[in-house]
Amino acid sequence: LQQQRYRSGVRETGSSSDFATAGASQKLAVVRTSVGTLDTDYAPERDFYKQFRDAIKAGVRSGDDVAQVRRAADRASVRRQDHYRSLSASWNAWRGDRDLDATSLRGTWGESGLTVNVRPTFVCHNNNGVDDLILIHYKSEALNRDAVQAVIRLMELTLPAAAGRPAVLDLRRRRLHHASTSRQRDMDLWLAAEAASFVVMFTSLAQAARAH
């Protein structure tokens, strides 16, 4: 089977959660987007949130994330500037005086020929002694409950528990999500089934695209 790789923040991991939690027509749209980039090399200029992600990661590492995020918003293209400025305001409000550290952790989850790369953005040290290992969701659309729990479960499966408690930051809404105690018990089976479904759809659409 064609192995499709994703780079992830919640866009990387989010591509898979987008598919898993979408309706039938939306699933097709997600897969068609992936097929459309099958023969295209990664181009940073087409990665909408790359400069903002880089600013947060570099800024957390150097201790000047607020300034770096502001510069990224000021230097953004016209098409991205409103989004970056909204994200910058949300970052400044959520960040406050939190104690943050950079992380280089990466995890990989695979199923049925699909590979998902899981890359947390940073670590937040809390006053209660529990560290949060955080992935950021940048998009204007809010993550639904199943998408949040899918991403968190992928983090649990691929990253060391000692690194911190997996969490997803919905940055625009300034909300930090953790694992739900009411999460479905068979989530691993659900993730595996959705991965298999993605691969079947991807393979069929890719073959059809090559035939034309």
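Regarding the range 110-129, can at least one residue be identified that is under 26 Å from A196 (Cα atoms), without any contact (Cβ under 8 Å) to a residue 12 or more places away in the chain and not basic (K, R)? Scanning the range 110-129, I find at least one residue that is under 26 Å from A196 (Cα atoms), without any contact (Cβ under 8 Å) to a residue 12 or more places away in the chain and not basic (K, R), so the answer is yes.
Do we find a residue being over 26 Å from Y138 (Cα atoms) and among the small types (G, A, S) anywhere in the range 179-193? Yes, the conditions are met somewhere in the range 179-193.
Check whether at least one residue in the range 123-131 is within 30 Å of D65 (Cβ to Cβ), touching a Gly at 6+ places or on another chain (Cβ under 7 Å) and among the hydrophobic types (A, V, I, L, M, F, W, C), and report yes or no. Yes, the conditions are met somewhere in the range 123-131.
Collect the residues in the range 157-181 that are open to solvent by 80 Å² or more (accessible area, probe 1.4 Å) and either out of contact with any helix residue (DSSP H, G or I) (no Cβ under 9 Å at 6 or more places or on another chain) or assigned to a helix (DSSP H, G or I) (or both), keeping them in residue-number order. Hits for the range 157-181 are A161, A162, R165, R173, T181.
Which one of these is basic (K, R), loosely packed, with under 15 Cβ neighbours inside 10 Å and part of a helix (DSSP H, G or I): R185, R210? It would help to see each step written out before you state the result.
Working: R185 fails: part of a helix (DSSP H, G or I).
After applying the criteria, what remains is R210.
Pairs please, first residue from the range 186-205 and more than 14 Å from L157 (Cα to Cα), second anywhere and open to solvent by 50 Å² or more (accessible area, probe 1.4 Å) and at pLDDT 85 or above, Cβ atoms under 6 Å, 6+ apart in sequence or on different chains. Correct list of pairs: A195/E111.
Given the criterion part of a helix (DSSP H, G or I) and surrounded by fewer than 21 Cβ atoms within 10 Å (Cβ to Cβ), identify the matching residue among S104, S90.
On the way: S104 fails: part of a helix (DSSP H, G or I).
Sole residue among the options that is part of a helix (DSSP H, G or I) and surrounded by fewer than 21 Cβ atoms within 10 Å (Cβ to Cβ): S90.
Taken over the range 158-184, the criterion of being more than 16 Å from the chain's Cα centre (by Cα) and at positive phi is satisfied by G164 alone. Of everything listed in (1) crowded, with 19+ Cβ neighbours inside 10 Å; (2) part of a loop (DSSP other than H, G, I, E, B); (3) among the aliphatic types (A, V, I, L, M), the single unmet condition for L135 is (2). Close Cβ contacts (under 6 Å, 6 or more residues apart or on different chains) running from residues in the range 43-54 that are of a type outside the set (S, T, Y) to residues that are crowded, with 20+ Cβ neighbours inside 10 Å and modelled with pLDDT of 95 or more comprise Q51/A72; F52/A72; F52/Y84; F52/L87. When S204, S197 are checked against the criterion of being surrounded by fewer than 15 Cβ atoms within 10 Å (Cβ to Cβ) and assigned to a helix (DSSP H, G or I), S204 stands alone in meeting it. Determine whether the range 115-129 contains at least one residue that is hydroxyl-bearing (S, T, Y) and open to solvent by 50 Å² or more (accessible area, probe 1.4 Å). No.
The values are calculated or read from the model by the stated rules, or taken from the named source; none is laboratory data. Everything numeric in this text was worked out from a predicted model, so none of it was measured. Positions of Cβ are generated from backbone atoms using ideal geometry, with glycine treated the same way; all protein chains shown enter the neighbour counts. Remember, those area values only see protein heavy atoms, side chains included, never the ligands or the DNA or RNA. Shrake-Rupley method; radii C 1.70, N 1.55, O 1.52, S 1.80 Å.
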